[in-house]
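Working notes, beginning with the structure itself.
Coordinate-derived values only; no laboratory data. Computed from a predicted structure; not experimentally measured. Every residue, glycine among them, receives a Cβ derived from its backbone with ideal geometry; neighbour counts consider all protein chains shown.
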Amino acid sequence: MGTGQAGAALGLHGGCGTLDRSLMSEAEWAESRSHIAQALRAGWAVLTAGGAALDAVQATVLVLEDSPHFNAGHGAALTEAGTHELDASIMDGSTLAAGAVAGVTRVRNPVLAARAVLESGKAVLLIGPAADEFARASGLAMVKPDYFTTQRRIDALASLRQRALDGSTARASEAEKHGTVGAVARDRHGHLAASTSTGGFNNKPVGRVGDSPIIGAGTYARDGVCAVSCTGQGEVFIRTAAAHDVMARMLYGRESLEQASRTLVFETLQSHGIGAGMIVLGAEGDPLAPFNTLGMYRGWIGTDGRMFVATHQEVHAMGAVS
Ligand code: ASP
């Protein structure tokens, strides 16, 4: 399946709901890029120390959850009731072990709750107050729900409510609507892992669960094939089993990582009229980040140890990471 190099590699996305350039100052863009670089360094430190891909994706997503620039953890989207309901998942490609939480409101880092579910081995997906209680009992940091709120999400909710009243919802920008964070990694032993975390859609119905915590929809990893983390309107990713479909096209259809991921983004998902993107990584080679929107926050460190960070079309080379 290709002739690329094996060895450690790491990739992330910060959602395909990237803002139009003019809507943030250059200082804010620089800060969002620096948080992407920080997240990559956190995951890469795990991989260069000989650590597991599973730990690397967790470390990467954790930094993005703590950044206000991305729709996950601090900075998460608001429901139509003005509340937060967060979803996250994590999957180990070497065992197909997975953990996820949906509709949590209190655990500071949903990715850590997803990992705790995976480690428990008792469930793949826990929801709502029981998931928060499980996180608390697992010793994870808990916060008041307003910890997750930022002015940008309050403004996005107000604008989407207004659009619902004047019938212009279809014209809302991707950035007003959504975002998500995710990571894929391959460790020195060739194991793959993927993780995704989100606040979901702005103005989403209370109780709505997207694709991010659904294994096979927003997240999938299988050693020897690929690791996938998705972003875009979750309902379509669930209906097309998008992350698993990338894997299945490669495993059963013998497609390359590039063919499989581009087919999903530019044909399957695009045919439903949605903005879509994903970060994907195969058994060898570097991560790929196809998206069909204006921009997608993304970054990766390839097998040569060089870091790249991007928000829109141009890609910033950040040099070698030690
Ligand atoms: N996939 C996320 C959801 O539907 C949103 C996004 O990625 O923008 O909850």
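Laid out as a table, the results:
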item	result
Radius 14 Å from Cβ of residue 192, net charge of other residues (Lys, Arg +1; Asp, Glu -1)	-3
Residue 306-residue 206 FRET efficiency (beta carbon distance; Förster radius 30 Å; 0.05 resolution)	0.10
Partners for residue 144 among aspartates and glutamates (Cα-Cα distance below 13 Å; same-chain residues under 8 apart left out)	85, 132
Size-normalised alpha-carbon gyration radius of region 119-196, reference 2.2 N^0.38 Å	1.60
For the chain, calculated [θ]222 nm from helices alone, where every DSSP H run of n ≥ 4 adds -39500 (n - 2.57)	-9500 deg cm²/dmol
Estimated translational D of region 126-250 in µm²/s (Stokes, Kirkwood radius over Cα pairs; 4 °C; 1.567 mPa s)	79 µm²/s
Over region 200-243: Kirkwood hydrodynamic radius from C-alpha pairwise inverse distances, Å	10.8 Å
Electrostatic dipole magnitude of region 1-82 [Cβ: Lys, Arg +1; Asp, Glu -1; Cα centre; debye, to 20]	300 debye
Kirkwood hydrodynamic radius over Cα pairs of the chain, then Stokes diffusion coefficient at 4 °C and 1.567 mPa s, in µm²/s	69 µm²/s
Cα-based radius of gyration of region 177-264 once divided by 2.2 N^0.38 Å, which approximates compact folds	1.10
Extension gain, residue 83 back to residue 31 (0.36 nm per residue minus Cα-Cα distance, nm)	16.1 nm
Straight-distance crosslink candidates among aspartates and glutamates, where the alpha carbon sits under 14 Å from residue 177 and sequence neighbours closer than 8 are dropped	20, 80, 155, 235
Within region 16-59: backbone nitrogen closer than 16 Å to the residue 322 label point (7 Å, Cα to C-beta)	41-42, 44-46, 48-49
Nearest-0.05 FRET efficiency for residue 313 and residue 254, computed from C-beta distance (R0 30 Å)	0.45
